[in-house]
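The values are calculated or read from the model by the stated rules, or taken from the named source; none is laboratory data. Bear in mind the structure is a predicted one, so any value in this text is a computation, not a measurement. A quick note on method: Cβ atoms are made from the backbone with ideal geometry, for glycine too, and the neighbour counts reach across all protein chains shown.
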């Protein structure tokens, strides 16, 4: 297959690396324009661009794909298929129809659940038992095209947004090569997505990392896991933002947790800070204080044993 690859972050670079190691021929790469990053706000190339340039591949970085001149450039590559993985730009119908077999997408969920920008993290936050990857043929809708191949993976109790993201990136790359090795057959067996079970995975924001202590402890634990390593769950205490990198569900409910209002610190020990929730209590095990690095609670208390005390309160979440 002659392939045009469209992708931007490290998730996409994993698929591009798999294609470069396969028998297929990547003839060009589309990726988003370099963006400012870091304290110096210097322009930084995407992970996909860096990998493409390391393999001397032609790289195109249009701001959008509506310009007919871009269509002419893409047409000149005479691609059999365009592979799209976390590209971040809308693919217009004129581009979808350019390659011989159209465009296929590697999507990090078991469609139709979690269409949209952040399927991996939303699956953990929602308490899903499994996630996975779907290889789909693209149409003009948002992740609405026919499904070619699915691979599932369980969401374990230890999974974070970061660990599941990496696992699904690898599964997606493997599934992509499997499909491309016999693409006409997979296209012939394509399955239309059912209407039942459709959910949308909206882009993550820093504000929604705030913990609402009126929610059940289990839901807050899922939120902490889902938002690690970004945007990281957080809560305020004494006008300070405390970031919560890790938590632990209590094996048995604290006997007096229901006597405390949500957000109240119930117990403090090297094992963690136990906080009352709307239902049950959550143990915070790794925290980050303002201007400091993230540390296990045992290390925080070793340096400042008076940092947390039973009876203290985390602030209520701001209304959305």
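Number of residues in region 195-224 that are in contact with a strand residue (DSSP E or B) (Cβ under 8 Å, 6 or more places away or on another chain), under 14 Å from residue 124 (Cα atoms) and buried (at least 19 other Cβ atoms within 10 Å of the Cβ): the value is 6. Checking 195, 158, 130 one by one, the residue that is within 15 Å of residue 111 (Cα to Cα), in the same structural domain as residue 14 (by TED's automatic domain parsing) and at pLDDT below 95 is 195 and no other.
For region 161-192, a residue qualifies if it is more than 30 Å from residue 221 (Cα to Cα) and either modelled with pLDDT under 95 or touching a helix residue (DSSP H, G or I) at 6+ places or on another chain (Cβ under 8 Å) (or both), and the qualifying residues are 174, 176, 177, 179, 180, 186.
Taken over region 65-109, the criterion of being under 14 Å from the mean Cα position of the chain (by Cα) and crowded, with 19+ Cβ neighbours inside 10 Å is satisfied by 85, 86, 87, 106, 107, 108, 109. Looking at this structure, is residue 116 at positive phi, surrounded by 16 or more Cβ atoms within 10 Å (Cβ to Cβ) and in the same structural domain as residue 171 (by TED's automatic domain parsing)? In short, no. Among the residues making up region 1-45, those that are surrounded by fewer than 19 Cβ atoms within 10 Å (Cβ to Cβ), in a strand (DSSP E or B) and in contact (Cβ under 8 Å) with a residue 24 or more places away in the chain are 2, 25, 27.
Can you work out which of the residues in region 119-154 that are at positive phi and crowded, with 16+ Cβ neighbours inside 10 Å is farthest from the chain's Cα centre (by Cα)? Selected residue: 143. Determine whether residue 231 is assigned to a loop (DSSP other than H, G, I, E, B), on the phi < 0 side of the Ramachandran plot and surrounded by fewer than 16 Cβ atoms within 10 Å (Cβ to Cβ). No.
All of (1) closer than 18 Å to residue 158 by Cα; (2) over 26 Å from the mean Cα position of the chain (by Cα); (3) buried (at least 20 other Cβ atoms within 10 Å of the Cβ) hold for residue 300 with one exception: (1). Residues satisfying the criterion are present in region 146-161 (criterion: in contact (Cβ under 8 Å) with a residue 60 or more places away in the chain, within 30 Å of residue 314 (Cα to Cα) and assigned to a helix (DSSP H, G or I)). Exactly one residue out of 175, 219 is outside the structural domain of residue 229 (by TED's automatic domain parsing) and assigned to a helix (DSSP H, G or I): that is 175.
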